[in-house]
Amino acid sequence: MANIIDGKEIAKQVRREVRQKAAQFAKAHGRAPGLAVILVGDDPASCIYVSNKQKACEKVGIAGQTLRLPEKTSTEELIDEIERLNRDPATDGILVQLPLPRHIDEKAALDHILPIKDVDGLHPDNAGRLLSGRALLEPCTPRGCMELLKRSGIPIAGKNAVVIGRSALVGKPAALMLLRENATVTLCHSKTAELKQYTSMADIVIAATGKPGLIKGEMLKPGCALIDVGINRLADGSICGDADYDSAVQVAGWITPVPGGVGPMTIAMLLDNTLIAAEAQNA
Ligand code: NDP
């Protein structure tokens, strides 16, 4: 039976550390670090995510502000808002809540965020920095996965790691981060033939596909660490991950639950990224 990796508890530790760093920053600079979150439209799920981020900021001493723009905002208007925040010295981090309304050119807008304020770590400059070993701001979810592994004492160097999913948000950066920690990394995706062939050899599996129940216990190497990034809403309204939890928990050595695993870490790493951005701009 696997050890359960308690993402809520580990996220609490990270937030405690961020609170201390935020207090030190405020003492040194006479103001709290600032995070601006831009929400375009009123998608109910996005409204909840944004309000959770605002509350999380308040708890650790980050000055969070939410900018609510109407659904009909144009790409140019959104870029103007981003540029205004780029110039604002009290705004250390800028996050545009995704998804944006369909008429907005998402890439064009996000590319206008100053890389040093890009706390989501998605700007091409930050992606390139990660690739070239000079990372500054890294995507929050894969950072959260790495912290879960490290803080659970799971060895990474020399181990076989399989990442399932190759998005710019999770899979690709997760693979680069594991490689940086000297794992031998395989990156799988929807066109991978025989997924089990790879997962059954893996000491570490990071699943980020959005396919409920994809990873079954029989596909895993006994004793492996399974980090389940997936957040899938089932027809009955319940939430589950990409793992078939009941079978996976029997075989894995460590497993993250959904909810309560990677999810809480994503917000904790956003707060940490805000501190990294604030310190980098005020060094
Ligand atoms: P994307 O839809 O962008 O990417 C999904 C990836 O999974 C793709 O690379 C796709 O392959 C791959 N994939 C799909 N089906 C299979 C399959 N049957 N076998 C192998 N690979 C497959 O999703 P994201 O990366 O944005 O998110 C992934 C999941 O993580 C979602 O459930 C999302 O909700 C969740 N998530 C959770 C977060 C958290 O805080 N816990 C934060 C961000 C995301 P291909 O490229 O070939 O299409």
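The values are calculated or read from the model by the stated rules, or taken from the named source; none is laboratory data. Fair warning: this is a prediction, and the values are worked out from it, not measured in the lab. Here Cβ is always computed from backbone atoms with ideal geometry, including for glycine, and neighbour counts include all displayed protein chains. Just so you know, the surface numbers come from the protein's heavy atoms only, side chains and all, with ligands and any DNA or RNA stripped out. Shrake-Rupley method; radii C 1.70, N 1.55, O 1.52, S 1.80 Å.
Please determine whether any residue of the stretch 188-200 is open to solvent by less than 10 Å² (accessible area, probe 1.4 Å) and either farther than 23 Å from Met1 by Cα or away from the ligand (no atom under 12 Å from the Cβ) (or both). Yes, the stretch 188-200 has at least one match. Might you let me know whether the stretch 146-156 holds any residue that is open to solvent by less than 10 Å² (accessible area, probe 1.4 Å), not acidic (Asp, Glu) and not assigned by TED's automatic domain parsing to the domain that holds Asp203? No; the residues of the stretch 146-156 include none that is open to solvent by less than 10 Å² (accessible area, probe 1.4 Å), not acidic (Asp, Glu) and not assigned by TED's automatic domain parsing to the domain that holds Asp203. Based on what the data block shows, is Ala168 hydrophobic (A, V, I, L, M, F, W, C), surrounded by fewer than 18 Cβ atoms within 10 Å (Cβ to Cβ), without any contact (Cβ under 8 Å) to a residue 24 or more places away in the chain and within 12 Å of the ligand (Cβ to nearest atom)? No; evaluated as a whole, the condition is false for this residue. Looking across the stretch 212-263, not a single residue is surrounded by 24 or more Cβ atoms within 10 Å (Cβ to Cβ) and modelled with pLDDT under 95. The single residue among Asp43, Asp92 that is open to solvent by less than 20 Å² (accessible area, probe 1.4 Å) and acidic (Asp, Glu) turns out to be Asp92. Here Thr209 fulfils each of the conditions (1) farther than 30 Å from Ile62 by Cβ; (2) more than 10 Å from the ligand (Cβ to nearest atom) apart from (2).
With respect to (1) open to solvent by less than 60 Å² (accessible area, probe 1.4 Å); (2) farther than 19 Å from Leu95 by Cα, the lone exception for Lys159 is condition (1).
Checking each residue in the stretch 241-273 for being within 16 Å of the ligand (Cβ to nearest atom), polar (S, T, N, Q) and under 22 Å from Asp203 (Cα atoms) picks out only Thr256. Within the option set Ala63, Ala23, being free of Cβ contacts under 8 Å to residues at least 60 places away in the same chain, in contact with a Leu (Cβ under 8 Å, 6 or more places away or on another chain) and open to solvent by 30 Å² or more (accessible area, probe 1.4 Å) holds for one residue only, Ala63.
Inside the stretch 206-223, residues that are farther than 21 Å from Gly158 by Cα, of a type outside the set (Gly, Ala, Ser) and outside any helix (DSSP H, G or I) make up a count of 6.
Among the criteria (1) farther than 19 Å from Asn86 by Cα; (2) in the same structural domain as Asp88 (by TED's automatic domain parsing); (3) more than 14 Å from the ligand (Cβ to nearest atom); (4) open to solvent by 20 Å² or more (accessible area, probe 1.4 Å), the one Ala108 does not fulfil is (1).
Among the residues in the stretch 20-36, are any more than 19 Å from Ala280 (Cβ to Cβ) and either modelled with pLDDT under 95 or within 17 Å of the chain's Cα centre (by Cα) (or both)? Within the stretch 20-36 (the criterion being more than 19 Å from Ala280 (Cβ to Cβ) and either modelled with pLDDT under 95 or within 17 Å of the chain's Cα centre (by Cα) (or both)), the answer is no, since none of the residues qualifies.
When the criteria are applied in full, Gly158 fails the requirement of being in contact with a Phe, Trp or Tyr (Cβ under 9 Å, 6 or more places away or on another chain) and of a type in the set (Gly, Ala, Ser).
In summary, Ile276 fulfils each of the numbered conditions (1) within 30 Å of Lys117 (Cβ to Cβ); (2) within 14 Å of the ligand (Cβ to nearest atom) with the single exception of condition (2).
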